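The values are calculated or read from the model by the stated rules, or taken from the named source; none is laboratory data. Quick caveat: nothing in here was measured; it's all calculated off a predicted structure. A quick note on method: Cβ atoms are made from the backbone with ideal geometry, for glycine too, and the neighbour counts reach across all protein chains shown. Side chains are part of the model used for accessible areas, which takes the heavy atoms of the whole protein and leaves out ligands, DNA and RNA. Shrake-Rupley method; radii C 1.70, N 1.55, O 1.52, S 1.80 Å.
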Amino acid sequence: MGFDENFLWGAASAAHQVEGAYLEDGKVLGIWDALYEGHVVRNENAHVSADHYHHMKEDVMLMKKIGLKSYRFSISWPRVITNRGVVNQKGLDFYNQLVDELLKNGIEPLVTLYHWNLPMWSYQYGGWKNEEIVEDFAFYAKVIAEALSDRVRYFITINEPQVFIAGGYVYGIHAPFEQCPESELLISRNVMLAHGRAVQTLRQYGKQPLLIGMAPTGSGFTPIGNTPEDIEQAKMGTFSLETRSNSNIWWADPIILGVVPDVLKPAISEEDVKIICQPLDFYGFNVYNSQNYVRPNGPNQPDIYPGLPRTAMDWPITPEVLYWMPKFFYERYKLPVMITENGMANLDFVMADGEVHDPQRVDYVKRHLQNLKKAIEEGVPVLGYQYWSIMDNFEWAEGFDKRFGLIYVDYRTGERVLKDSAYAYKKIIETNGNEI
Ligand code: GBH
């Protein structure tokens, strides 16, 4: 037993990071378009980025060449809704064409509604701090359901609330670059309500039965050894609330189990829970690395040592996270799992032979998939794996240096080059993961 024959071998992206065309065809500004100055390395912006908006057909052709079965992308909210209640048909057309192109090539579209580029028109009334955003988000979900759900079956509501809240409103390193930890409860409630209303709306207006999930971060702790105590301690860390809105259960317990952690109780009522807790079809999560325990110091002692393997983001490389997190999340939430993001940044460049050799990434992907396979063999249902990212793109506050793509992008010319890792992934997909 290994990967299911319908396993979704895919790759992911997000609108703001790849599309460019930031003011084309009626699109209005989002917070990352408008507020990035002074907050991004070298003051880089995503006005053009990988210019996927103009390379869409070529990019889908490359996905087909890699053999992808699925492609996870997000819709740019400010591209399709240009003010409260105002739909931009030209913006929708782009996603209509993308979906058609994917389906023509046998690639299942996985659509994310919110991957961080809040429209400025919403930011101006307070954005996530104002409860009005909940119905604006539901309206957006309705428009997308009506436009795409005849062809799109998989929907993901919100990407990594942990990161855009801690990053955007506590540490001030992500848009809107604020430091207002006192808003954490209020914002968390609004995000959860928006998620719940979006799920309700997608189901109501969906033109076929839909498969809906979310994509929070799924990092946690992996056991340092294999004793029951080690495993228990890792689980405790993974399901701890110590990092508040940056933790797993702050979101997943209310959303999936309808259980509100005590710290959230002042903000979230039983009435709210009825909206927040909607049946979901899978537990999607983005996972890049784990933090190991060091015995016997107890929780939150990351196993950091000199020379620890790290990516260009400085994140530790810990492949066993793809064995443990699916197990832990399946055990707690009893939903099939989807790896909605996993990947690594390199400082890739085109080499003298005209190719992009990225052996570290090939190794990263293989070792993570071997671990995922082990979880599957032990009975965890896993629907798919979406490598982050399909192509190099705008890495938020880090700008463009750090490249996550399977496809190299020359940002001066828009030229694409498949990296070695793209070919390695292609081979893995061809054997349906039997040979990794
Ligand atoms: C995702 O966020 C985003 O969804 C995506 O847009 C982005 O481009 C991509 O990943 C790459 O950054 O403190 O060393 O243990 C990533 C979320 C949260 C992953 C924190 C790494 C801990 C690193 N990240 N996490 S470490």
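Things worth noting here:
- Around the Cα centre of the chain, unit charges on the Cβ atoms of Lys, Arg, Asp and Glu (plus for the first two, minus for the last two) sum to a dipole of about 680 debye.
- Largest to smallest accessible area among D262, D392 [probe 1.4 Å]: D262, D392
- Centroid-to-centroid separation of the range 103-172 and the range 413-436 [C-alpha atoms, Å]: 29
- The GluC sites (Glu not before Pro) of the range 1-42 meeting both criteria, a DSSP state outside H, G, I, E and B (loop) and at most 15 other C-beta atoms within 10 angstrom of the site's C-beta, are E5, E37.
- Rolling a 1.4 Å probe across the protein heavy atoms gives the range 8-430 an accessible surface of 37 Å² per residue.
- For the chain, the fraction of 1.4 Å probe accessible surface lying on carbon and sulfur atoms is 51 percent.
- Net length gained if the chain between M351 and Y171 were fully extended (0.36 nm per residue, minus Cα distance): 61.0 nm
- Legend: helices of the chain (whole DSSP H runs) are marked when their alpha-carbon atoms reach 18 angstrom or more along the helix axis and their mean Kyte-Doolittle hydropathy is at least 0.5; marked are 132-148.
- Top positive-direction residue, dipole computed over the chain with Cβ charges, set I81, P228, N105: N105
- Summary value for the chain: 18 percent relative contact order, contacts being C-alpha pairs under 8 angstrom separated by 6+ residues.
- Neighbourhood charge, 10 Å Cβ-Cβ cut-off, centred on V80 and excluding it, Lys, Arg +1 and Asp, Glu -1: +2
- Hits among lysines - C-alpha to C-alpha of K142 under 20 Å, sequence gap 8 or more where chains match: K27, K90, K207, K274
- Positive dipole terminus of the range 8-430, leading residue within Y71, I276, V350 (C-beta point charges): Y71
- 22 Å Cα-Cα threshold exceeded, pairs from K327/K366; K104/K402; K129/K334; K235/K366; K69/K373: K104/K402; K129/K334; K235/K366
- Put a dot 7 Å past the Cα of D314, heading toward its Cβ, do the same for D420, and the two dots end up 2.7 nm apart.
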